[in-house]
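A short worksheet on the structure shown next.
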Amino acid sequence: MNIPSKYDPSKTEDKWYAYWMEQGFFHAEPDEKRDPYTIVIPPPNVTGVLHMGHMLNNTIQDILVRRARMKGKNALWVPGTDHASIATEAKVVGMLREHGIMKRDLSREKFMEYAWEWKEKHGGIILEQLKKLGASCDWGRTKFTMDPDMSASVIRVFVDLYRKGYIYRGKRMVNWDPQAKTAISDEEVIYKEVESKLYYLRYKVEGEDNYLTIATTRPETILGDTAVCVNPSDPRYKKFVGKKVLVPLINRPVPVIEDDYVDMEFGTGALKITPAHDENDYEIGQRHNLEVVDILNEDGTLSEAAQLYVGEDRFVVRKKIVKQLEEEEYLVKAEDYTNKVGFSERTDVVIEPRLSLQWFLRMKELSEPALEHVMNDDIRLYPAKFKNTYRHWMENIRDWCISRQLWWGHRIPAWYVKGSDEYVVAENETEALQLAREKTGRTDLKGQDLYQDEDVLDTWFSSWLWPISVFNGILDPGNPDFQYFYPTDDLVTAPEILFFWVARMIIAGYEFAGEKPFSNVYLTGIVRDKQHRKMSKSLGNSPDPLELIRKYGADGVRVGMLLCSPAGGDLLFDESLPEQGRNFGNKIWNAFRLVSGWKAAADTDQPEAAAEAVAWFRAKLNESKERLNEQFGTYRLSEALMTVYRLFWDEFSSWYLEAVKPAFGQPIDGKTLEQTIGFFEELLLLIHPFMPFISEEIWQLIRPRKKGESIMVASWPGRGDYDSSLTGRFEKTKEAVTALRAIRKEKNIQPKEELRLLILDTEEHFDTRFLSVLKKLGNLKEVEFVSEKPENALSFIVKTTEYFIPFEEKIDVAGEIERLETELKYARGFLHTVMKKLGNERFVTNAPAQVVERERQKQADAEARIRAMEERLTELRGKE
């Protein structure tokens with residue numbers, strides 16, 4: 001075999017991805033012989049390109065699905081994209097504007113033609129990019145939320161919920177996005193702290209030479225005021241109640257009313273009421289039958305009803321009106337004020353509360369099973385701390401505004417009878433006409449007498465069906481795919497859409513499938529930079545993921561994303577992480593080159609040191625597999641990666657290979673070589689979910705393989721029995737070797753020079769299990785047990801045993817004292833840490849018994865080690 005000296009990801013990644021695709025390894029069909037394992041991808045926006053959050057999320061999904069496949073499951077990862085109404089329509093409108101075309105000049109049909117053309121050209125780029133990461137999705141099952149069957153599922157669900165009485169139409173206060181010109185749901189509003197001003201304004205009492213002062217952060221909205229409100233318990237304003245005051249600048253007379261809602265401590269205790277532009281004001285207006293004056297157009301400019309500044313932007317007007325109020329002596333003062341302002345999650349503009357006729361979904365009753373089944377752990381959240389957030393949201397759930405004033409999306413299946421207020425909800429126009437005839441009693445109605453609602457449904461109204469609809473479970477719940485693959489197993493997503501998407505999918509699962517949509521939800525953290533800022537294009541702090549892959553290889557980037565990314569914890573990313581991942585790949589490759597270069601001698605017996613190293617590593621490997629399976633079972637994937645990382649780098653490369661490798665230029669015995677290749681294969685299997693490409697490359701080279709074979713469909717290593725004492729005993733050997741190497745370095749003794757080692761113990765009492773390994777790794781010509789401490793020797797202590805290296809020349813007593821004092825200081829610090837832990841009553845009471853016992857053993861070992869060092873120091877000081 002001609003193995004390159006360096007591993008080159010660019011020469012292997014496309015090769016093996018094409019091979020996996022060609023062999024159909026990603027595809028799954030219902031199979032009665034195997035249990036399914038299913039993940040559905042959180043569908044990225046069809047407008048999207050790969051960013052660091054996608055990299056993290058999809059790396060985790062791929063790890064889970066690759067491991068499940070190796071464990072013999074019929075693993076399926078369903079990919080797809082979301083039509084993303086607001087984001088996509090904005091992109092299409094922008095594209096048209098660049099060509100001098102305005103949306104308002106187009107018919108709906110023509111606009112949709114442009115939108116579909118844009119989607120076909122630009123949509124799905126992100127899915128192609130995911131292939132570069134190694135994502136093992138079943139690409140033949142790729143879905144789009146506006147595919148015909150997916151759209152039909154959405155319409156079926158809308159009609160079903162309407163007929164059950166859950167969907168209604170009404171004029172309500174909604175969150176209005178003036179840039180997108182659509183309503184958005186409460187969950188799509190992001191509240192940010194903003195440095196504002198609190199303006200104190202005088203309202204003249206009608207017919208009197210008296211004023212009432214209010215405080216507001218939005219002076220432009222005074223043009224829509226229809227009352228001033230005070231608390232009935234506030235004695236300051238009793239004399240004003242029942243009178244009228246004049247709105248500044250426009251002199252509209254409005255009543256002074258009383259309502260318990262008013263906070264007497266805020267501002268002046270008198271509140272201007274603008275029912276059209278504040279939700280609380282609207283509710284007060286409803287209670288007191290106040291007039292509603294809507295002063296804003298849908299684009300955030302002032303309407304004719306404002307009387308002043310008509311057609312100007314709300315924020316421009318704010319500056320102008322403050323100046324005018326000051327000039328006309330209505331402004332008493334302005335104070336700095338920090339308040340929370342709602343921004344649209346999609347467009348990042350300040351939302352406006354706006355009265356609007358919209359479609360709503362009643363959520364309270366629908367959401368009850370979704371709350372119950374997360375609280376009782378039928379569906380588990382990882383980390384579990386998010387259960388409290390989930391419960392709070394679900395217990396305070398509000399009706400969902402599901403209509404959007406857009407064209408791109410699922411058009412609301414409601415038809416109105418021209419010339420009347422009547423409407424019907426149906427799956428298609430034919431059914432709508434029949435229902436309209438029945439509802440109106442007019443059998444002569446024709447299709448042209450009806451017109452369909454102009455609005456589309458909230459994007460989340462389609463994606464909440466995703467785990468069901470990708471298997472056509474709404475339209476055909478008896479089909480084999482849905483019966484076999486649903487419910488899915490794991491969902492990997494971000495905490496910020498726990499309510500947006502996760503909770504709603506759970507609601508939909510129980511309502512439309514009678515079953516949970518998934519069993520486990522793994523919530524990733526947010527990818528941030530070293531300054532703890534969220535990575536974003538606008539900040540310019542987000543690297544190009546494809547460039548990272550070109551630089552460090554997909555395996556390196558995957559490892560880098562997981563190295564410090566605990567579930568629910570933010571990932572502080574910098575390029576040292578994928579670099580570390582690439583270095584790990586190089587370590588694996590170099591170990592493979594080393595082993596591949598060994599020549600076997602058939603007639604050579606296995607040395608004792610190799611046999612003992614094999615026994616130890618087999619125990620270590622089985623111990624690590626047990627830990628790894630436990631970590632996977634509790635979704636501690638970063639810890640699982642570190643288990644594999646340390647097992648290969650520290651235990652296999654640094655200790656095992658050193659213990660078994662033959663002398664330079666010499667052959668190795670066949671038994672050790674075969675056992676080493678066997679270990680290497682098992683390690684590659686454990687590494688594969690994390691690093692699919694390099695593990696496949698080496699697995700294909702390490703033994704002869706047939707066409708169609710692949711590590712990705714090889715079996716996950718089974719857990720073997722092991723003697724846990726072996727790994728502990730070998731740790732002492734490692735400590736002794738490390739101490740010997742430190743003395744060699746300190747005294748400039750060449751590694752090739754053989755040393756004598758004296759052990760202050762008897763051969764019967766001393767644990768000699770790995771003495772042959774100690775001899776080899778320490779390059780010892782002789783090991784002797786002594787009953788007295790020798791003169792003129794350097795010493796070190798492992799646990800409670802003292803070791804000596806005799807020297808002919810006189811020992812530097814002062815130097816030896818200094819070295820021991822340093823070791824003693826460290827040992828005392830270590831003991832202090834252990835004692836602190838054991839002194840914690842909560843730890844001793846709640847930790848597993850074996851964990852507490854392990855800490856007590858550490859205490860006993862440290863105390864014995866400290867005593868031995870103190871005794872040795874006393875002896876040395878006597879020689880000074």
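Per residue, how much accessible area does the range 252-297 show when a 1.4 Å probe rolls over the protein heavy atoms, in square angstrom? Display every interim value, and only then the final one.
Details: 2100 Å² over 46 residues.
Each residue of the range 252-297 exposes 46 Å² on average to a 1.4 Å probe.
For the range 749-852, what % of the accessible area comes from carbon and sulfur atoms, probe 1.4 Å? Intermediate values should be presented prior to the final figure.
Numbers: 3150 of 6360 Å².
The computed percentage sits at 49.
Round to a whole number: what % of the accessible area of the range 328-457 belongs to carbon and sulfur, probe 1.4 Å? Show your work: numbers first, answer last.
Values: 2870 of 6560 Å².
Answer for the range 328-457 is 44 percent, counting heavy atoms of protein chains only.
Cross-link list LYS599/LYS775; LYS15/LYS91; LYS661/LYS734: which exceed 28 angstrom alpha carbon to alpha carbon? Kindly include the intermediate steps, with their values, before the conclusion.
Numbers: LYS599/LYS775 23 Å; LYS15/LYS91 35 Å; LYS661/LYS734 17 Å.
Table pairs above 28 Å Cα-Cα are LYS15/LYS91.
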Next item on the list: Give me the accessible area per residue for the range 490-603, probe 1.4 Å, as a whole number in Å².
Entry: 38
Next item on the list: Sum up the lysine pairs in the range 191-277 that clear both bars: alpha-carbon distance under 19 Å and a spacing of 8 or more or different chains.
Entry: 10
Notebook entry, point to check: Check VAL247: other-chain or 5+ apart residues with amide H under 5 Å from its amide H, H built from backbone geometry?
Noted result: ARG252, VAL254
Item checked: Nearest-ten-degree value, helix 724-746 long axis tilted from longest Cα axis of the chain -> 70
Notebook entry, point to check: What is the list of residues in the range 168-204 whose amide nitrogen lies under 18 Å from a point 7 angstrom out from the Cα of ARG287, following Cα to Cβ?
Noted result: 173
Notebook entry, point to check: Once you sort the root eigenvalues of the Cα gyration tensor of the range 488-626 as a ≥ b ≥ c, which label holds: rounded (a/c under 1.5), prolate (a/b larger than b/c) or oblate (the other case)?
Noted result: oblate
Next item on the list: Could you tell me which of GLY829, GLY878, LEU757 has its Cα farthest along the dipole of the range 739-880 towards the positive end, charges placed at Cβ (Lys, Arg +1; Asp, Glu -1), taken about the Cα centre?
Entry: GLY829
Margin query: Given Cβ point charges of +1 (Lys, Arg) and -1 (Asp, Glu) and nothing else, what value in debye, to the nearest 20, does the dipole of the chain about its Cα centre take?
Written below: 1020
Check: How many nm separate the modelled label positions at LYS825 and LYS197, each set 7 Å beyond the Cα in the direction of the Cβ?
Finding: 6.1
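Please state, rounded to one decimal and in Å, the Kirkwood hydrodynamic radius that the range 73-197 gives when every pair of distinct Cα atoms enters the mean of 1/r. Walk me through the numbers before you get to the answer.
Values: mean 1/r = 0.0546 Å⁻¹.
Over the range 73-197, the inverse of the mean reciprocal pair distance is 18.3 Å.
Go ahead and estimate [θ] at 222 nm for the chain from helices alone: -39,500 (n - 2.57) per DSSP H run with n ≥ 4, summed, over the residue count, rounded to 500. Kindly include the intermediate steps, with their values, before the conclusion.
Values: 27 runs with 366 residues, N = 880.
After summing the helix terms and dividing by residue count, I get -13500 deg cm²/dmol.
Rg to Rh ratio, the range 701-831, alpha-carbon atoms and Kirkwood radius? Display every interim value, and only then the final one.
Numbers: Rg = 20.4 Å, Rh = 17.7 Å.
Result: Rg/Rh = 1.15.
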Notebook entry, point to check: So how far, in whole Å, is the C-alpha centre of the range 750-780 from the one of the range 279-307?
Noted result: 89
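Remind me, relative contact order of the range 629-749 in percent, using alpha carbon pairs under 8 angstrom and six or more residues apart?
Working: 42 pairs, mean separation 19.6, N = 121.
Relative contact order of the range 629-749: 16 percent.
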Next item on the list: Considering Cα pairs under 8 angstrom that are at least six residues apart, work out the relative contact order of the chain and quote it in whole percent.
Entry: 12
Item checked: Positive-end extreme of charge dipole, the range 329-449 - chosen from ALA334, TRP408, LEU357 (charges on Cβ) -> TRP408
Notebook entry, point to check: Long-range amide H contacts for LEU296: which residues qualify at under 5 Å (H placed 1.01 Å from N, peptide plane, sequence gap of 5 or more or a different chain)?
Noted result: SER303
Item checked: Under the Karplus curve 6.51 cos²θ - 1.76 cosθ + 1.60, θ = phi - 60°, whole-Hz ³J(HN,Hα) for the range 748-758, x wherever Gly or Pro sits -> 6, 8, 5, x, 6, 6, 6, 10, 9, 10, 9
Item checked: Rounded tilt (10° steps) of 576-596 against the dominant C-alpha axis of the chain -> 40
Next item on the list: Could you do me a favour and compute the accessible area per residue for the range 688-817, 1.4 Å probe, result in Å²?
Entry: 50
Check: By DSSP, what percent of the beta bridges with both residues in the chain are antiparallel, rounded to the nearest 5?
Finding: 70
Checklist line | Acute angle (nearest 10 degrees) that the helix 9-23 long axis makes with the longest principal axis of the chain, alpha-carbon atoms | finding: 70
Check: Hey, got the dipole for the range 755-868? About the Cα centre, +1 on K and R Cβ, -1 on D and E Cβ, debye to the nearest 20?
Finding: 720
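In units of 2.2 N^0.38 Å, what is the alpha-carbon radius of gyration of the range 470-510? Kindly include the intermediate steps, with their values, before the conclusion.
Working: Rg = 11.8 Å, N = 41, 2.2 N^0.38 = 9.0 Å.
Taking N as the residue count of the range 470-510, the ratio is 1.31.
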Next item on the list: Evaluate the charge dipole of the range 375-486 about its Cα centre and quote only its size in Debye, nearest 20, assuming +1 on the Cβ of each Lys and Arg and -1 on the Cβ of each Asp and Glu.
Entry: 420
Check: For the range 637-718, what D do you get in µm² per second when you plug the Kirkwood radius from alpha-carbon pairs into Stokes-Einstein at 20 °C and 1.002 mPa s?
Finding: 154
Next item on the list: Please name which of ASN280, THR226, ASN251 has its Cα lying farthest along the dipole of the chain towards the positive end, using unit charges on Cβ (Lys, Arg +1; Asp, Glu -1) and the Cα centre as origin.
Entry: ASN280
Check: Which label belongs to the value computed from this structure, given these candidates for volume of the Cα convex hull per residue in Å³: (1) 242; (2) 193; (3) 353?
Finding: (1)
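Can you tell me, using C-alpha contacts under 8 Å and at least 6 residues apart, the relative contact order of the range 33-113 as a whole percent?
39
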Item checked: 5 angstrom amide H check on TYR337, placed H, neighbours 5+ away -> SER196, LYS197, LEU198
Notebook entry, point to check: Quick one: with all protein chains in place, what share of the accessible area of the range 165-243 is carbon or sulfur, to the nearest percent (1.4 Å probe)?
Noted result: 45
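The values are calculated or read from the model by the stated rules, or taken from the named source; none is laboratory data. Note that the coordinates shown come from a computational prediction; the quantities given were computed from them, not determined experimentally. Here the Cβ is made from the backbone with ideal geometry for all residues, glycine too, and neighbour counts use every protein chain on show. Ligands, DNA and RNA are excluded from the accessible area calculation, which covers all protein heavy atoms including side chains. Shrake-Rupley method; radii C 1.70, N 1.55, O 1.52, S 1.80 Å.
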